[in-house]
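Here, each number is a calculation from the coordinates, and none is a lab measurement. As the structure is a computational prediction, the values presented were derived from the model and not from experiment. For neighbour counting, all protein chains shown are included, and Cβ atoms are generated from backbone atoms with ideal geometry for every residue, glycine included.
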Amino acid sequence: RLQRLRARLVKSNTIFGKGLLALLASDKIDENVWDEVEETLLLADLGTEPTTELVDALRERVKVLGSRSPEDVKALLREELIKLVDPSMDRSLKVERKNGHPAVVIVVGVNGVGKTTTVGKLARVLVAEDKDVILGAADTFRAAAAEQLATWGQRVGVPTVKSDIDGADPASVAFESVKAGIEQEVDVVMVDTAGRLQNKVGLMDELGKVKRVIEKLAEVDEVLLVLDATTGQNGLNQAKVFSEVVNITGIVLTKLDGTAKGGIVVAIQKALGVPVKLVGLGEGPDDLAPFEADTFVDALLN
Ligand code: GDP
């Protein structure tokens, strides 16, 4: 699994596992080298505060260490990175039935980040765990979105609740999906929403309504915010807006393949105080992985 993850994170691995380690293994680490370390971390989108924190910690530890082998350097970088990624966060998905109701997962995020794809991939993971799943196509604003979700549903073998009316009320589709989930006694209802971010009030109205309507029937167990790792700072801004509108319980960071900005994991968690729970590593149905601090850091460094 580590090898596979590493292969998908090859660009971030080049920065952390090659660039950074080489810098820190220099015979003499002078101010120029520390500047380069800092630049490298900023390029990887670690964010300014975590970068300063990490550089300070590394400086201190390198000083204490005195002479260092490449293995020493790798071990301490590994430790400090894992600390930053925070292994203590609860990254488990709440996808168990409770009180005779299905678990309800709402998936939010702006268009194009990989929301629908993530719902499809996650449904596949849940089905592989022997769970019964229903998908709700509450993204009623993008014409093809419901079709796209239904196609994923077929591929994975789970039903999709959608409206035949273009521009139907997302909240009513969400309601029908959860209702169907309760009637059919499934384990998980996963609701795909529309991500229109032209203004915060509109988003708040829409997502707020979806959530309120669902809560007439069942508790919402997860609100997963999907963010595109390749958008860096922009993703961070989206994250902030969404977190002001709904109570996000977890982040899904997509498109981590093909970007060197792996540090964005840390930046986002720091900014929101919400754990990254899943990462998207490609367009295929199997390209979704649970996020674990140590495996992630190992994939970056090895
Ligand atoms: P939505 O508008 O947020 O629902 O986005 P879609 O699910 O339609 O995805 C937009 C595009 O991103 C599609 O071409 C997906 O195949 C692609 N995509 C989604 N997740 C990933 C990922 O983890 N890696 C890569 N490389 N592409 C992805």
Rg/Rh over Cα atoms for segment 1-160, Kirkwood Rh, comes to 1.13
Given 20 °C and 1.002 mPa s, how large is the Stokes-Einstein diffusion coefficient of segment 165-282 in µm²/s, with Rh as the Kirkwood radius over Cα pairs? 139 µm²/s
By how many degrees, 0 to 90 and rounded to 10, does the Cα axis of helix 115-128 deviate from the longest principal axis of the chain? 90 degrees
Taking the Cα atoms only, what angle lies between the long axis of helix 200-215 and the longest principal axis of the chain, rounded to 10 degrees? 60 degrees
Could you give the nm distance between label points at ASN234 and TRP34, where each point is 7 Å from its Cα heading toward the beta carbon? 3.5 nm
Have a look at segment 24-118 and give its Rg and Dmax from the Cα atoms, expressed in angstrom. 20.0, 63
How much length is gained on full extension from GLU219 to LYS63, taking 0.36 nm per residue of separation minus their Cα-Cα distance? 51.0 nm
Charges only on Cβ, +1 for Lys and Arg, -1 for Asp and Glu: so what's the dipole of segment 69-141 about the Cα centre, in debye to the nearest 20? 300 debye
To the nearest 20 debye, the chain has a Cα-centred charge dipole, built from +1 on Lys and Arg Cβ and -1 on Asp and Glu Cβ, of 220 debye
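What number, in nm² with one decimal, is the all-direction average of the projected area of the convex hull of the alpha-carbon atoms of the chain?
Result: 15.4 nm².
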Compute the long axis of helix 31-43 from its Cα atoms, compare it with the longest principal axis of the Cα atoms of the chain, and write down the angle in degrees, 0 to 90, nearest 10. 10 degrees
Calculate the tail of P(r) for segment 128-233: the fraction of all Cα-Cα distances greater than 19 Å, expressed in %. 45 percent
How many angstrom separate the Cα center of segment 22-88 from the Cα center of segment 199-242? 35 Å
Per residue of segment 108-113, what does 6.51 cos²θ - 1.76 cosθ + 1.60 with θ = phi - 60° give for ³J(HN,Hα)? Whole Hz please, x for Gly and Pro, Karplus curve as stated. 10, x, 6, 4, x, 6
With a Förster distance of 22 angstrom and the Cβ-Cβ distance between ALA128 and GLN3, calculated FRET efficiency to the nearest 0.05 equals 0.60
Extreme residue, positive dipole direction of the chain, given options LEU203, ILE82, GLY284 (C-beta unit charges): GLY284
Could you run the Karplus curve 6.51 cos²θ - 1.76 cosθ + 1.60 with θ = phi - 60° over segment 147-152 and give me ³J(HN,Hα) per residue in whole Hz, x for Gly and Pro? 4, 4, 5, 4, 5, 4
